[in-house]
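*Asks:* Below is one structure. I have some questions about it.
Rule-based calculations on the coordinates, nothing more; no lab input. Being a predicted model, the structure only gives us computed values, none of them experimental. Cβ placement follows ideal geometry from the backbone for every residue including glycine, while neighbour counts extend to all protein chains displayed.
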Amino acid sequence: MLGALVCGVLAFVLLLIVFVFREAWPSFQHNGLAWFGSGGNPDQQIEKIFTSGNLLQEPVYTFHAWPIIWGTILVTGGAVALSFVAALFVSVFVVEFAPEWIRRILEPVIRLLASVPSVIFGLLGVLILVPFIGDHVITEGNRRSVSYIVSLSGYSLMAGVLILSLMIAPLMIALFADGLRAVPRGWLEGSLGLGINRWRTFWKIGVRTARPALVAGTVLATARAIGEVVMLAMVTGGVAFAPNPADGLIFFVEPTRPLAATILQTAEELTSPPMRQTIFAMASVLLFSAVMLSLAGWAIKQPMKRYGVRA
Amino acid sequence: MTTTAARPQIRESSASWRLSDRIGLAFAWLLGLMFLAVTAGIVLYMMVQGIKYISPTLMFTSPAAGFSESESGGFLDPLLGTVIVALLALVIAFPIGLGVGVWLSEYGRPAWLARLTESTVEMLAGSPSIVFALFGVLLFEQGAVGFLSRTNDGVVYGRSFLAAAAMLSLIALPLVVANVREGLQAIPGHVREASYAVGKTKLATTRRILLPAARPSVVTGAMLGLGRVIGDTAIIVLLLGATLRFNGAGDIPILETLRGTGSTLTSYVYANAPTGEANQPHKAYAAGFVLLMMVLLLNFAVDVAVRRGRRMTWAS
């Protein structure tokens, strides 16, 4: 009977995948690989697609999502990179160097931060970080220098990256710490016995042994970051603009809008058939990358089982 | 943890270390303390702002349409909405998650099906909730499930508490499965063998011996799932409709609300943030504070459950 239940769950997930990809197909079919390419302003294209559905005309499908995809890559990549460095040091600190009483505070705090709803991060971002960036980080000169392309208001790539890295750090720390704790004690003691100091011992032996756990944690955190919706929709600015690294450092404070946030903001346009198919196309890109990432995480965890790490 | 006991009690001074090592250690300390400070800052700031703006009237009046903070009412409906949605989602996710977890841990034959299930559940855990929300939109607009939401001239609206809860259960499911499974696997094999030896069947063993023993993990899984459900916004915004008040469908008292649209605290905060439609940040702070308190309470409950679970050990 339980077997039937399990089969039911599997069938439901299969149905989910099939439904999403089938609904997305027309958009990919009309654009081909150019769907992923650049060309034109996605916001204007969305507008055209949307109205074409409602006026009973020939539906328009032209959509080039590169600025949105580029925004996703920048936000996710930036947050994961920042979070990786921080999470690595914090997890080393928690596992090996923190005094007992700090550890006893830090561990529940990490769990707490992991469970704060993303809308609260978004609210704080909008009310504190965004005005701060707008007033203190962006100068008048910056604003003028790109005013003919995009207006800088504080809603930016930087706000998204900073908050997102704070949101995925607890997940990374938890997974990294699990890996670091599983390092056989004898290996570390062998190194300590040779007179190597505690930092170097842990850095060279502990962290190196836990490498698969580090990679697996990073992959899972990337999946979480790609799927983050509400916070990014609130703080990154809501225009499909591709921040241009050629602009110099201003590029960090330029607005953008990742895939998931785009879906949320265009969700009201689901009533128009071609628009709905375009939205599902974006969702299927997200779903595909999530599936690929979880496959990668699974593959990476395999060598860890040799050390007896259970994660 | 045995590693804690093995830790050397006398610490060597880092003064004799190489500079790079000392910098590394200092950096670890700095980031650890900074992490603590940032989290404390977020929670304390939310509390200060929340207590400043919250009032009993705000919590016990329904939202109303209005342009200023004094006209737009409180957030009773969103508060109740959060409770309804959370309970509904748990009612769906808990039995299914329990079943899948038990099957994975105790039965798990054939092996390929077990592995497939395991990776599917893992994939569900990693999938963006916005994809579930869109799938929900598609699924609940089908005529066959039209009874779950409002129907106008044969057009199924597809947005209701039932629809939202069904999709939210998908994000709670992986947490329930993982925790149930972990709890069952922590029970040593000789406990099962002892139960078989006194003539209990496999089903009876699972129900009478294993599940009661694994109760702390089961409770933890349910709580963690509940926390995720309460905090989710994307599914609520897409699948619960955008009405701030309960907007029932039909005329059967309770079912009417469940089939109708409404809001939860997350969608209320989202709408009242400066980027949202209502833009009343003070109310967003107050509602966010209530939401955060719920999450903190759940976290605390998980801690208690975990600690209770640790007290019980098996002689081996």
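*Asks:* Give me the tail of P(r) for the protein assembly as shown as a percent: Cα-Cα pairs with distance above 32 Å.
*Replies:* Taking all Cα-Cα pairs of the protein assembly as shown, the fraction more than 32 Å apart is 52 percent.
*Asks:* Over chain B, what number does the Rg to Rh ratio reach, with both radii from the alpha-carbon atoms and Rh per Kirkwood?
*Replies:* 1.06
*Asks:* When the helix-only estimate is applied to the protein assembly as shown (DSSP H runs of n ≥ 4, each -39,500 (n - 2.57), divided by the residue count), what is the mean residue ellipticity at 222 nm, nearest 500 deg cm²/dmol?
*Replies:* Dividing the helical sum by the residues of the protein assembly as shown leaves -21000 deg cm²/dmol.
*Asks:* Distance between the C-alpha centers of region A:63-80 and region A:204-259? Whole Å please.
*Replies:* 8
*Asks:* Separate question: Hey, what's the Cα Rg ratio for region B:149-272 versus the globular rule of thumb, 2.2 N^0.38 Å? Each step should come with its number before you reach the end.
*Replies:* Working: Rg = 20.5 Å, N = 124, 2.2 N^0.38 = 13.7 Å.
Expressed relative to 2.2 N^0.38 Å, the Cα Rg reads 1.49.
*Asks:* How many Cβ atoms of partner chains, on average, are near each residue of B:97-110 if near means within 10 Å of its Cβ? Mind showing how you got there, number by number?
*Replies:* Working: counts 1, 2, 8, 6, 1, 3, 7, 2, 0, 1, 3, 2, 1, 1.
Mean partner-chain Cβ count within 10 Å for B:97-110: 3.
*Asks:* I would also like to ask the following. Across chain B, where is the longest run that never hits trypsin sites (Lys or Arg not before Pro) in a DSSP loop with at most 16 other C-beta atoms within 10 Å?
*Replies:* The longest such stretch corresponds to B:19-199.
*Asks:* I would also like to ask the following. D for region A:11-93, whole µm²/s, Stokes-Einstein with Kirkwood Rh over alpha-carbon pairs at 4 °C and 1.567 mPa s: what number?
*Replies:* 82
*Asks:* Rank these for me by crowding, B:16, B:105, going from fewest to most other beta carbons within 10 Å.
*Replies:* Final ranking by Cβ density, sparse to dense: B:16, B:105.
*Asks:* Here is a follow-up. Which residue, chosen from B:191, B:139, B:79, occupies the Cα position most advanced towards the positive end of the dipole of region B:77-311, where the dipole is computed from +1 (Lys, Arg) and -1 (Asp, Glu) charges on Cβ about the Cα centre?
*Replies:* Checked the options; the winner is B:191.
*Asks:* Roughly how large, in nm² to one decimal, is the mean projection of the convex hull of the alpha-carbon atoms in chain A?
*Replies:* Working: hull surface 84.9 nm².
The orientation-averaged projected area of the Cα hull of chain A comes to 21.2 nm².
*Asks:* Shifting gears a bit: Over all residues in B:300-307, what is the mean tally of Cβ atoms on other chains that come within 10 Å of each residue's Cβ?
*Replies:* The shielding value for this peptide is 1.
*Asks:* For chain A, with a Gaussian network of springs between Cα atoms less than 10 Å apart, report the residue from A:92, A:150, A:253 with the top mean-square fluctuation.
*Replies:* Looking only at A:92, A:150, A:253, the biggest GNM fluctuation is shown by A:150.
*Asks:* Between residue B:310 and residue B:202, with labels modelled 7 Å along Cα→Cβ, what's the label distance in nm to one decimal, could you check?
*Replies:* Simple spin-label model gives 3.5 nm for this pair.
*Asks:* Residues with beta-carbon under 13 Å from that of residue A:164, excluding residue A:164: net charge, scoring Lys, Arg +1 and Asp, Glu -1?
*Replies:* Summing Lys/Arg as +1 and Asp/Glu as -1 gives 0.
*Asks:* Less than 15 Å Cβ to Cβ from residue A:240, Lys/Arg counted +1 and Asp/Glu -1: what total charge do the surrounding residues give? Please list the in-between numbers first.
*Replies:* Numbers: positive: A:48, A:257; negative: A:43, A:47, A:254, A:269.
Cβ neighbours under 15 Å give a net charge of -2.
*Asks:* Let me ask something else about it. Long-range amide H contacts for residue B:61: which residues qualify at under 5 Å (H placed 1.01 Å from N, peptide plane, sequence gap of 5 or more or a different chain)?
*Replies:* Residues meeting the criterion, in which the H sits 1.01 Å from N, are B:74, B:75, B:76.
*Asks:* Counting only chymotrypsin sites (Phe, Trp or Tyr not before Pro) that are in a DSSP loop and have at most 14 other C-beta atoms within 10 Å, tell me the longest site-free stretch of chain B.
*Replies:* Of all site-free stretches, the longest is B:68-313.
*Asks:* So, one more: How big is the Cα convex hull of region B:38-182 in projection, averaged over all directions, in nm²?
*Replies:* Details: hull surface 52.6 nm².
Average projection, Cα convex hull of region B:38-182: 13.2 nm².
*Asks:* Then there's this: If you take each beta carbon of peptide A:222-228 and count the beta carbons of other chains within 10 angstrom, what is the mean?
*Replies:* 4
*Asks:* Of B:104, B:226, B:31, which has the largest mean-square fluctuation in a 10 Å C-alpha GNM of chain B?
*Replies:* B:31
*Asks:* For region A:195-311, what is the per residue volume of the convex hull drawn over the alpha-carbon atoms, in cubic angstrom?
*Replies:* On the way: hull volume 19.4 nm³, N = 117.
Value for region A:195-311: 166 Å³ per residue.
*Asks:* Oh, and also: I need A:13, A:230 ordered by Cβ neighbour count within 10 Å, fewest first.
*Replies:* Starting with the residue having the fewest Cβ neighbours, the order is A:13, A:230.
*Asks:* Take every Cα-Cα distance within region A:144-245, group them into 10 Å bins from 0 onward, and report for each bin the whole-number percent of pairs it holds.
*Replies:* 13, 30, 22, 17, 12, 5, 0
*Asks:* Which residue, B:194, B:26, B:125, has the most motion in a Gaussian network model of chain B that connects Cα atoms within less than 10 Å?
*Replies:* Highest fluctuation among the options: B:26.
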